[in-house]
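**Student:** Got a structure for you, written out below as structure tokens; questions coming shortly.
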Amino acid sequence: MSSSTSSDQIHGRLERSSARLAAVQALYEIDMTGVSADPVLQEFLRERWKNGNITTLNELEQLPELASPDEVLLAELIHGVAEKREILDDIITDALSSDWTIERLEVILRATLRAGTFELLSTIDVSAITIINEYVNVANAFFDDNKPGMVNGVLDKISRVLRSEEMKKSGK
């Protein structure tokens, strides 16, 4: 494998990871404001993740190192979750312990679980383990308590239902 190929693969992974993070932020905004998916997606593509509002070198240096999101994946996640929200909520509810409800979850946690569940349901070319790890990483960006562990447990439980054969083969 050439160094440019591995560099391209790494860059592609970073763009997909950024898309997942941006999607969760957009889904949070949709849930909080009740705005439909399209205007929020357009705002994210036009305004967010851009350095257009930076006026000094110091401001630029203080930005976290984030890749631009994979716009196709970002759109798929936002539209897919919006279109399948009820189905996703039913799947998540079945995976939650009896003392939790989907409504009781913090909004950003609910957005993370919806996006992860949508990918487990709809994205067969990405392994369940990868999807779970990606959304645990997203949860780590927002929480420093037990929520990333909860994301791991709930998505693992969901993957064992939606992708039982894959999970058996992986030995997980």
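**Student:** Take every Cα-Cα distance within the range 71-172, group them into 5 Å bins from 0 onward, and report for each bin the whole-number percent of pairs it holds.
**Tutor:** So the P(r) values, bin by bin, are 2, 13, 26, 26, 20, 10, 2, 0.
**Student:** With the other protein chains left in place, how much accessible area per residue, in square angstrom, belongs to the range 65-172 at a 1.4 angstrom probe?
**Tutor:** With the other protein chains kept in place, the range 65-172 gives 52 Å² per residue.
**Student:** Give, in nm to one decimal, the length gained when the segment between residue 123 and residue 33 is fully stretched (0.36 nm per residue of separation minus the Cα-Cα distance).
**Tutor:** 29.7 nm
**Student:** In terms of Cα to Cα distance under 13 Å, which aspartates and glutamates are near enough to residue 168, apart from those fewer than 8 places away along the same chain?
**Tutor:** Within reach: 156.
**Student:** In nm, give the distance between the simple-model label positions of residue 144 and residue 99, each being 7 Å from the Cα along the Cα-to-Cβ direction.
**Tutor:** Those two pseudo-labels are separated by 2.5 nm.
**Student:** What percentage of the solvent-accessible surface of the range 97-172, computed with a 1.4 Å probe over protein heavy atoms, is contributed by carbon and sulfur atoms?
**Tutor:** 50
**Student:** If you keep only loop residues by DSSP, which chymotrypsin sites (Phe, Trp or Tyr not before Pro) in the range 100-172 have at most 11 other Cβ atoms within 10 Å of their Cβ?
**Tutor:** In loop regions of the range 100-172 (DSSP not H, G, I, E or B), there are no sparsely surrounded chymotrypsin sites (Phe, Trp or Tyr not before Pro).
**Student:** Determine which aspartates and glutamates satisfy two conditions relative to residue 147: a Cα distance under 12 Å, and not lying fewer than 8 residues away in the same chain.
**Tutor:** Output for residue 147: 106.
The values are calculated or read from the model by the stated rules, or taken from the named source; none is laboratory data. All values derive from a computational prediction rather than experimental measurement. In this analysis, Cβ positions are derived from the backbone assuming ideal geometry, glycine residues included, and neighbour counts consider all displayed protein chains. The protein model used for the area step is the full one, side chains on, heavy atoms only, and it has no ligands, DNA or RNA in it. Shrake-Rupley method; radii C 1.70, N 1.55, O 1.52, S 1.80 Å.
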